[in-house]
Amino acid sequence: IGYGGISLVSRVSGASRQTLTDGLKELADPNAPLMEQGRSRRAGGGRKPVFESQPGILDALDDLVSAHTKGSPESALLWTNKSLRNLESGLASKGYSASYRVVGVMLKMLGYSLQANKKTLSVTPSHQDRDAQFEYINEQCKSASAAGSPVISVDAKKKEKIGNFKNSGRVYRESKNPIKVLDHDFPIKELSKATPFGVYSIFQNRGFVNVGLSSDTATFAVESVRRWWYAEGATIYAEAPMIVITADCGGSNGYRNRLWKLELQGLANEIGKPIRVLHYPPGTSKWNKIEHRLFSFITKNWQGIPLVSAAVIVALICATKTTKGLAVRCILDENMYEPGRKVTDNEFNAVNICHDVFHGEWNYVISPIEKQNI
């Protein structure tokens with residue numbers, strides 16, 4: 001276009017005069033290298049990545065992040081939160097320069113990601129027959145279900161303070177209008193605490209929860225099973241040969257709890273059916289079906305809602321449903337259960353219990369006693 005053409009094209013295109021001048025020289029040079037298809041500049045152009053321009057920065061970053069596993073007491077970040085900005089400062093103290101965003105990119109290159117704590121370690125070593133007990137429970141439950149017996153998983157959910165206290169989680173409300181709750185979580189004596197004891201029918205995907213306002217005792221646990229039986233079990237499993245219960249190893253329904261066995265004997269006598277109990281090994285309570293098939297959904301359903309009364313707790317539990325068909329029934333138990341009841345040797349010896357050959361302390365059947373022998 002003649003004189004002033006470069007300036008004109010520069011203004012129209014936004015490209016610098018120098019770029020246009022260099023381009024004209026390349027076009028006029030028959031020996032200029034051809035540009036690769038799909039590229040706007042020759043290979044090798046642009047700023048070098050930090051890990052190339054600063055050799056050793058990846059190793060330095062790896063040392064900072066993994067200091068707690070390598071046990072390096074000289075690490076600048078051994079006792080601090082390893083956030084991107086703290087890592088940026090740590091690299092600067094070692095003579096490297098990288099923004100916190102670049103630090104995030106390099107962490108991904110090194111195979112790191114944000115990780116939360118995971119509860120997997122047991123306080124006590126795992127029992128050597130742990131897996132065998134899991135398999136035994138599975139076989140017994142399948143056989144019992146095939147024979148028409150109910151198979152239920154039982155456990156007590158953690159106690160919940162009743163009152164206008166903060167409940168973890170969030171719920172949709174008008175913007176900047178949260179539910180106002182008390183600023184301290186001190187229990188209100190007049191309102192006490194609620195203990196939901198759950199009975200989950202494994203093969204029916206149905207839950208029954210007995211909300212107690214007293215102590216979590218073995219009497220309360222068996223009473224919860226009794227209420228489930230008369231509310232649902234007796235109708236569905238009237239002809240069942242026995243009731244099968246899977247439970248944790250400790251607590252009010254623990255395998256060492258003598259009152260638990262004595263109360264089950266009373267229930268077996270009352271309904272005229274034997275009760276088989278299968279306990280999960282020590283330290284494996286989280287594997288109990290009721291934990292992740294019932295309690296987890298109850299917690300999700302009432303998240304962010306203050307449990308201001310026992311009636312609210314019962315209503316929220318009853319409203320718990322899942323897309324896979326879980327239905328929950330809940331009732332309130334206002335009975336008072338005295339803790340610390342001792343079972344005498346004579347009372348315990350009267351329990352009609354038959355222990356399995358395989359770990360009889362975990363697996364046993366309590367059969368009803370005829371009235372003339374009681």
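Taking Cα atoms, how many degrees apart are the long axis of helix 258-271 and the longest axis of the chain, rounded to 10 and kept between 0 and 90?
Taking Cα atoms only, the helix is inclined about 70 degrees.
Based on DSSP loop calls and a cut-off of at most 12 other Cβ atoms within 10 Å, the longest stretch of the chain free of exposed GluC sites (Glu not before Pro) is what? Walk me through the numbers before you get to the answer.
Details: sites that count: Glu36, Glu74, Glu174, Glu190, Glu239, Glu334, Glu361, Glu370.
Result, exposed sites excluded: 75-173.
What figure in square angstrom, to the nearest 10, would you give for the accessible area of Ser113 with a 1.4 Å probe?
80 Å²
Separation of the stretch 135-179 and the stretch 112-131 by C-alpha centroid, Å?
If you average the Cα positions of each part, the centres end up 22 Å apart.
Where a ≥ b ≥ c are the square roots of the eigenvalues of the C-alpha gyration tensor, would you call the stretch 209-330 rounded, which needs a/c under 1.5, or, failing that, prolate if a/b is larger than b/c, or oblate? Numbers along the way, then the final one.
Working: a/c = 1.64, a/b = 1.43, b/c = 1.14.
Prolate shape, in that a/c is at least 1.5 and a/b is the bigger ratio.
Which pairs break 22 Å Cα to Cα here: Lys273/Lys321; Lys159/Lys273; Lys118/Lys286? Each step should come with its number before you reach the end.
Details: Lys273/Lys321 31 Å; Lys159/Lys273 31 Å; Lys118/Lys286 13 Å.
Checking Cα-Cα distances, Lys273/Lys321; Lys159/Lys273 exceed 22 Å.
Out of [x] 298; [y] 166; [z] 140, which label holds the value of volume of the Cα convex hull per residue in Å³ that was computed here?
Given [x] 298; [y] 166; [z] 140, the structure-derived one carries the label [x].
From zero outward in steps of 10 Å, how is the percent of C-alpha pairs of the stretch 287-344 spread across the bins?
Answer for the stretch 287-344: a P(r) of 19, 40, 27, 12, 2 percent.
Largest first, please: the extent of the C-alpha atoms of the stretch 136-255 along each principal axis, to the nearest Å.
56, 32, 28
Relative to the Cα centre, what is the charge dipole magnitude of the chain, using +1 at the beta carbon of each Lys and Arg, -1 at the beta carbon of each Asp and Glu, and rounding to the nearest 20 debye? Show your work: numbers first, answer last.
Working: 47 positive and 36 negative charges, 307 e Å.
With Lys and Arg at +1 and Asp and Glu at -1, about 1480 debye.
First compute the accessible area of the chain with a 1.4 Å probe, then give the percent of it belonging to carbon and sulfur atoms.
Numbers: 12210 of 23170 Å².
The value for the chain is 53 percent carbon and sulfur by accessible area.
Counting heavy atoms of the protein chains only and a 1.4 Å probe, report the per residue accessible area for the chain as a whole number of Å².
Details: 23170 Å² over 374 residues.
Accessible area per residue, the chain: 62 Å².
Please state the relative contact order of the chain as a whole percent: Cα pairs under 8 Å, 6+ residues apart? Show your work: numbers first, answer last.
Working: 508 pairs, mean separation 58.6, N = 374.
That works out to 16 percent.
Once you list every other residue whose beta carbon is under 14 Å from the beta carbon of Arg276, what net charge do they have if Lys and Arg are +1 and Asp and Glu are -1?
Values: positive: Lys142, Lys261, Lys273; negative: Glu139, Asp356.
Local net charge: +1.
Per DSSP H run of n ≥ 4, the term is -39500 (n - 2.57); total these for the chain, divide by its residue number, and report the mean residue ellipticity at 222 nm rounded to 500 deg cm²/dmol. Walk me through the intermediate numbers first.
On the way: 13 runs with 120 residues, N = 374.
When only DSSP H runs of four or more count, the value is -9000 deg cm²/dmol.
Please list, ordered by chain and number, the residues whose modelled amide H lies under 5 Å from the amide H of Ile369; skip anything fewer than 5 residues away on the same chain.
Under 5 Å from the amide H of Ile369 lie the amide H atoms of Asn269, each far enough along the sequence or on another chain.
Using only Cα atoms and rounding to the nearest 10 degrees, what angle (0 to 90) does helix 130-146 make with the longest principal axis of the chain?
Once rounded, one gets 60 degrees.
The values are calculated or read from the model by the stated rules, or taken from the named source; none is laboratory data. Just so you know, these numbers come straight off a predicted model, no measurement behind them. Counting neighbours? That spans all protein chains shown, and the Cβs are built from the backbone with ideal geometry, glycine included. Surface accessibility is based on the protein's heavy atoms, side chains included, excluding ligands, DNA and RNA. Shrake-Rupley method; radii C 1.70, N 1.55, O 1.52, S 1.80 Å.
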